[in-house]
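Shown next, in structure tokens, is the structure this report addresses.
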Amino acid sequence: MITVLQEMLLHLDGTPRVLSLNDDPLAEWSSHRAVSVDGPEDSSGTDRVDRQWRQVQDELDPDAMEDGFENHAYVRWFFLNNRVMPDFVGMAHEVDPHIASGLVERYESRCRGGVDDHADRKLDPRSKSAQHVYYLTRLVSQLPDLPRRHVLEIGGGFGNFARIALQLSMCAGYDALDIRNVIELQRRYLESCVEPAVFDEVRFHTVEDEDAMAGLRERRFGLVVSTFALTETPPAMRDWSLQLINGRADAVFIAGQESFGGESVGDQITSALEASFDVARTPMRWESSNLGPCFEILARRR
């Protein structure tokens, strides 16, 4: 009988490998994600992105912040991997101008710590923070009770979406799930910019902690969020996450690639959710330089 951790970290051919809690799943995660690191950089920047990700494998140590958080290898990779950015604030206004204006105003007056914010705290409409404000506009437009919902984010990276949701009081509680070193980065980032009383209520979970993973299956979440994680994660982790969502979530918001690693992951995710949710899936109106066509899903339990 294989463990939850072993199930998540299957070889790509479907065969499980024997793991201990000292194993680092980043290699499996990134080998599934990487495309090529050989040859000259192509015009789209894909090779450079993958070289940066390979560097992240070597430098993911959360203590490696001598040059500041914004210069940590993972944070640099995060921004390099998303170089084609539309006007997200304009997109948010197209969803609902009243909600969008209110969120932008509150962001500029209440939020701090954004790695890509202007020095005057104005929100750059083409930034990752603006992208997350756009996501929140989409969510609030369909889930007006969002501030009363407990949120689980799967694959939250260094924590920018969590920072904004917490600083804008857009949730009643927050859980974060990712690999060990990324969760430690997120913990340190949020601790540096979120009010202590709010930070103390955030629960952090790592995929290496089998007890924590099992405990999530006993919880109930008003919303599960995953942006560009479920489409890139190994298939077994995606299956585990979708089982959790189907069993324990009242609503879900997912953004990601239509296709990844030769698989139609957008179709797979949609099919899995339709068993329990009314699923609204739309094309994402932008494409990163190396991600290809993308989608957004906002689904509510029937």
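Amide H to amide H, with H built 1.01 Å from N, residue 258 comes under 5 Å of 294, 295, counting only residues 5 or more places away or on other chains. Put simply, when 221-231, 140-150 are sorted by average Cβ atoms within 10 angstrom per residue, most first, you get 221-231, 140-150.
Summary of packing: across the peptides 275-282, 207-214, the per-residue average of other C-beta atoms within 10 Å ranks them, highest first, as 207-214, 275-282.
Remark: spin-label model distance residue 214-residue 243 equals 1.4 nm, labels positioned 7 Å along the Cα→Cβ axis. With 0.36 nm allotted per residue and the present C-alpha distance subtracted, the residue 275-residue 300 stretch has 7.9 nm of extension available. For the stretch 142-301, relative contact order (Cα pairs under 8 Å, six or more residues apart, normalised by length) works out to 19 percent.
Take the Cβ-Cβ distance between residue 119 and residue 286 as r, set R0 to 35 Å, and report the resulting FRET efficiency rounded to the nearest 0.05.
The value I calculate is 0.85.
The antiparallel fraction among DSSP beta bridges confined to the stretch 142-301 stands at about 45%.
Taken as Cα centroids, the stretch 199-249 and the stretch 125-162 sit 16 Å apart, rounded to the nearest whole angstrom.
Since every read-out is calculated from the coordinates, none of them should be taken as a lab result. Because the structure is a prediction, the values reported are computed rather than measured. Note that each Cβ is placed from the backbone with ideal geometry, even for glycine, and that neighbours are counted across all protein chains shown.
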